[in-house]
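**Student:** This is the structure I have questions about; it appears just below.
The values are calculated or read from the model by the stated rules, or taken from the named source; none is laboratory data. Model, not experiment: these values are computed from the prediction. Heads up, the Cβs are rebuilt from the backbone with ideal geometry, glycines too, and the neighbour counts pull from every protein chain shown. Note: accessible area is taken over every heavy atom of the protein model, side chains too, but ligands, DNA and RNA are not part of it. Shrake-Rupley method; radii C 1.70, N 1.55, O 1.52, S 1.80 Å.
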Amino acid sequence: MNRFKTFGRYWGLPLLLSASLLLVWVLGEPAAELLMYQRFDIQSGQIWRLATAHWVHLSFQHLLLNLMSLALAWWLFHQALAGFTGYLLTGLISLGVTLSLFVLHPDIGWYAGFSGVLHGFLVAGALLSRRQNPMLSLATLLIVAIKLVIELVRGAEPGLAEFINSPILIHAHVYGALFGGLYAICMRGASPR
């Protein structure tokens with residue numbers, strides 16, 4: 001029983017997230033239309049879209065890339081993201097990204113995908129793990145920072161957008177990383193030394 005509890009604590013959330021992302025994909029266009037970030041629909045009162053937009057993917061490649069990135073983030077930082085931390089982080093990053101898009105970018109009419117949350121997981125995991133694994137944390141933060149700077153300066157990689165058959169919203173990556181970082185900084189400040 002103890003092994004099951006430990007497995008659930010460390011791997012329950014990524015399995016639940018993977019299953020829910022796959023379920024929304026399998027349910028197809030009706031689910032996507034109901035859950036996707038659509039600015040006009042949110043303004044009309046469909047506020048659940050602020051939380052659910054991240055579960056919608058526009059192509060199987062898009063979904064697959066996000067599932068692989070989720071597996072990588074969890075493999076690297078499962079100890080830091082385990083349990084309640086991961087669940088809270090998922091909710092805060094999800095809402096942080098879409099609320100930022102809604103408030104700061106009225107020109108963005110729609111959004112879908114989990115990549116913003118994944119950027120947040122990587123940054124939060126790296127910051128929360130910096131004492132246990134400083135080299136991995138530093139390398140991850142540098143890679144994410146360099147990637148974001150390149151995206152902000154040059155735009156998203158055209159080959160990637162072509163591969164996933166969807167435009168890439170860089171803002172979601174930036175806000176995800178920002179909210180992941182803020183969460184980790186707040187948690188480090190709240191925890192005893």
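**Student:** Filter the stretch 171-193 down to the residues that are modelled with pLDDT under 95 and over 11 Å from V123 (Cβ atoms) and list them by number.
**Tutor:** Of everything in the stretch 171-193, those that are modelled with pLDDT under 95 and over 11 Å from V123 (Cβ atoms) turn out to be C186, M187, R188, G189, A190, S191, P192, R193.
**Student:** H78 fails exactly one of the following numbered conditions: (1) at pLDDT 95 or above; (2) in a helix (DSSP H, G or I); (3) under 25 Å from L182 (Cα atoms). What is the number of that condition?
**Tutor:** H78 satisfies every listed condition except (1).
**Student:** Would you kindly identify the helices (runs of 4 or more DSSP H) lying entirely within the stretch 1-61 that contain at least 3 residues that are of a type outside the set (A, V, I, L, M) and open to solvent by 30 Å² or more (accessible area, probe 1.4 Å)?
**Tutor:** Numbers: elements: 2-27, 29-35, 39-43, 49-52.
The qualifying helices (runs of 4 or more DSSP H) are 2-27, 29-35, 39-43.
**Student:** List the number of the failed condition for A145; all other conditions in (1) under 27 Å from W25 (Cα atoms); (2) modelled with pLDDT of 95 or more hold.
**Tutor:** It fails just one condition, (1).
**Student:** Taking the condition of being within 22 Å of S100 (Cβ to Cβ), small (G, A, S) and either modelled with pLDDT under 95 or open to solvent by 10 Å² or more (accessible area, probe 1.4 Å) (or both), how many residues in the stretch 62-75 meet it?
**Tutor:** 1
**Student:** Hey, can you tell me all the residues within the stretch 86-104 that are of a type in the set (V, I, T) and either free of Cβ contacts under 8 Å to residues at least 40 places away in the same chain or under 15 Å from R39 (Cα atoms) (or both)?
**Tutor:** If the condition is that a residue be of a type in the set (V, I, T) and either free of Cβ contacts under 8 Å to residues at least 40 places away in the same chain or under 15 Å from R39 (Cα atoms) (or both), then V97, T98, V103 are the ones that fit.
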